[in-house]
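A short worksheet on the structure shown next.
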2 protein chains.
Amino acid sequence: MSTATRHDPYPSRLVDTPALVPREDPVVWGDDPGPLDPELVSAYEENGFLVLPGLIPPSTIAALDADISRAAADEDVKASDEAVIEPGSNELRSLFAVHRRDDALGALAADPLLADIARQLLADDVYVHQSRINLKPGFRGREFYWHSDFETWHTEDGMPRMRALSCSVLLTPNHTFNGTLLTIEGSHQHYVSCVGETPEDNYRQSLRRQDLGVPDDDSLRELVRMGRINECTGPPGTVVVFDCNVMHGSNGNITPFPRHNVFLVYNALSNALVEPFAAPAPRPDFIATRDPVPIRR
Amino acid sequence: MSTATRHDPYPSRLVDTPALVPREDPVVWGDDPGPLDPELVSAYEENGFLVLPGLIPPSTIAALDADISRAAADEDVKASDEAVIEPGSNELRSLFAVHRRDDALGALAADPLLADIARQLLADDVYVHQSRINLKPGFRGREFYWHSDFETWHTEDGMPRMRALSCSVLLTPNHTFNGTLLTIEGSHQHYVSCVGETPEDNYRQSLRRQDLGVPDDDSLRELVRMGRINECTGPPGTVVVFDCNVMHGSNGNITPFPRHNVFLVYNALSNALVEPFAAPAPRPDFIATRDPVPIRR
């Protein structure tokens, strides 16, 4: 692989034994003021995430719900590449690239408040690297195992450095018992180098079930020894802002309460994608933007 | 089936459509004093369960842990009928009939405090209908879907009435995020009549994965509409006492923290098993005691 000769501080899927590697990049890239108070910036830097209740008003949540219902009932949408359909049923589970839609979802991705938070923490212009809606059903919602998003974005998409963050906008109540997002405090300071090799078109099955880039038990135990597990609960309208390298996951959900969210990833413009660091070919553009358009200030 | 002509207030697995049937039996069968204060008895009657921290002393928990470690390392134990081995590994997941063991586990089942609580609530002599240890691992602990224990004990074991209760003794910390027991408050007042027919030797696979006696989505939604979901968390030594008909279950567990408990079922002596109400043959004696020996007062 031609990329093997590049210097890579974050190797993964190229090694035989897993390892915990220290982060080389800052978490907060500048100190210009922005929507977040200094205390929140400090908490983000230390823990790797923030849970911000009440950030998105109820009227916006209602508009998002309506657009999602329309999308979930649209057979053309469900047949598109951007859609992930629940195996065993014909239900929409995820839909990618919602930031390109001409509706409330598209408007949310360009929301000045979210973009300003991203610009404040990343100290650069930002663009949407990935966006999607996640519709986790009640009763039979499945777990999402621990992972660092950056591990995948680096190996499979070619994101060079840890200069990206995600906003998860909660559309339904997230309780501790319906598979809420779990984050490990401080885990963003350590990179878990994973074993395995990425096969061609891995994304087609990894969106359903992740077998690669899976952190080993010992590394997870060590991360949890250093920082506690946080449950990112909150009412609809809560936004969870989290660093691209925070170790996170979620348990399954046997309760009747579904868990829906919009997931938006902001990347620094200067951190645009290069060749994948450990995959035969980049993933499609609807999963990882390769023609960045900065969000207008 | 010869049993079909008996009057049965709690039909299940004999019907084509699921139904919510009112409970015909009391929850608290008498008012003689016992270890539980009247307030706790009332809470048990209303909610269907009690979470009692600190009931089992640390020295007993340590002795139980040691006996379980010995059992889990004993190939004879793991090869016995009483053992359930994790599919895909050779690890002990459950062990039945621990009340017959001549060790701390056996002593716990006959513990005067637990037996007195059972006698107080059931107003009768009691015996151990079923006992087991459950060893749910960290990282890959699987969910246990919603169920009423009585539904199984009635249909498959022939327990006539709702005059039994369970004590779950927590051996490891139960957090909200590691698959703790979830109970639906007030659900013990309603019996969910389930569809399906019990095949022969159903228990062999149902101990691993339950496909029968599974409540339908509408009934679960209705139960959760009437009563909230409670997370039975607590430190080691906590005892969760719950009625035989409480709807309960647990989510999976991706955290490193295992969830171990001892599960003891006390049945009223006058409620001893008869022929199964909806199964070709009773389950083996190590799963459902058919020769009741009352616990000595």
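The table for this structure:
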| read-out | value |
| --- | --- |
| Within 10 Å of each Cβ in A:252-258, the average number of Cβ atoms from other chains | 6 |
| Alpha-carbon centroid distance for the pair region A:36-70 / region B:224-297, whole angstrom | 41 Å |
| Estimated 222 nm signal from helices in chain A, with DSSP H stretches of n ≥ 4 weighted -39500 (n - 2.57), rounded to 500 | -6000 deg cm²/dmol |
| Residue of B:90, B:134, B:230 that the Gaussian network model of chain B assigns the largest fluctuation, springs spanning Cα pairs under 10 Å | B:90 |
| Region A:132-192 - convex hull of alpha carbons, volume per residue in Å³ | 118 Å³ |
| Principal axis dimensions, chain B - Cα atoms, whole angstrom, descending | 48, 46, 38 |
| Cα convex hull of region B:163-293 - mean projected area over all directions, nm² | 9.1 nm² |
| Prolate/oblate/rounded call for region A:21-82, Cα gyration tensor, a/c under 1.5 rounded | oblate |
| Rg followed by Dmax, in Å, when region A:234-297 is reduced to its Cα trace | 15.9, 43 |
| 3J(HN,Hα) from dihedral phi, region B:163-172, Karplus parametrisation 6.51/-1.76/1.60, rounded to Hz, x for glycine, proline | 9, 9, 8, 10, 10, 9, 9, 6, 9, 10 |
| Ratio of Rg to Rh over region B:75-188 (Cα coordinates, Kirkwood Rh, two decimals) | 0.96 |
| Volume per residue of the C-alpha convex hull in region B:1-124, rounded to whole Å³ | 211 Å³ |
| Under-5 Å amide H pairs with residue A:83, H placed in peptide plane, nonlocal only | A:96 |
| Inter-chain shielding of A:220-230 (mean C-beta neighbours from other protein chains, 10 Å cut-off) | 2 |
| GluC sites (Glu not before Pro) restricted to region B:171-273 and DSSP loop, no more than 14 other C-beta within 10 Å | B:197, B:200 |
| Built amide H within the under 5 Å cut-off of residue A:21, gap 5+ | A:191, A:192, A:193 |
| Space enclosed by the convex hull of the alpha-carbon atoms of region B:54-105, per residue, Å³ | 91 Å³ |
| Whole-Hz couplings from phi, Karplus 6.51/-1.76/1.60, listed for region B:135-145; x for Gly and Pro | 10, 8, x, x, 6, 10, x, 9, 5, 10, 5 |
| Integer Hz, Karplus 6.51/-1.76/1.60 couplings in order for region A:217-222, x for Gly and Pro | 4, 5, 5, 5, 4, 5 |
| Partner chain coverage, peptide A:127-139 - average Cβ within 10 angstrom | 1 |
| Ordering of B:279-292, A:22-35 by packing [mean C-beta count within 10 Å, highest first] | B:279-292, A:22-35 |
| For residue A:290, distant residues with modelled amide H under 5 Å away | none |
| Cα shape, region A:68-133, gyration tensor, a/c 1.5 rule | prolate |
| 15 Å beta-carbon shell around residue B:262, net charge (K/R +1, D/E -1) | +2 |
| Binned Cα-Cα distances of the protein assembly as shown, short to long, each 10 Å bin given as a whole percent | 3, 16, 24, 22, 16, 12, 5, 1, 0 |
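Here, each number is a calculation from the coordinates, and none is a lab measurement. This is a predicted model, so every value here is computed, not measured. Note that we place each Cβ from the backbone using ideal geometry, even for glycine, and neighbour counts take in every protein chain shown.
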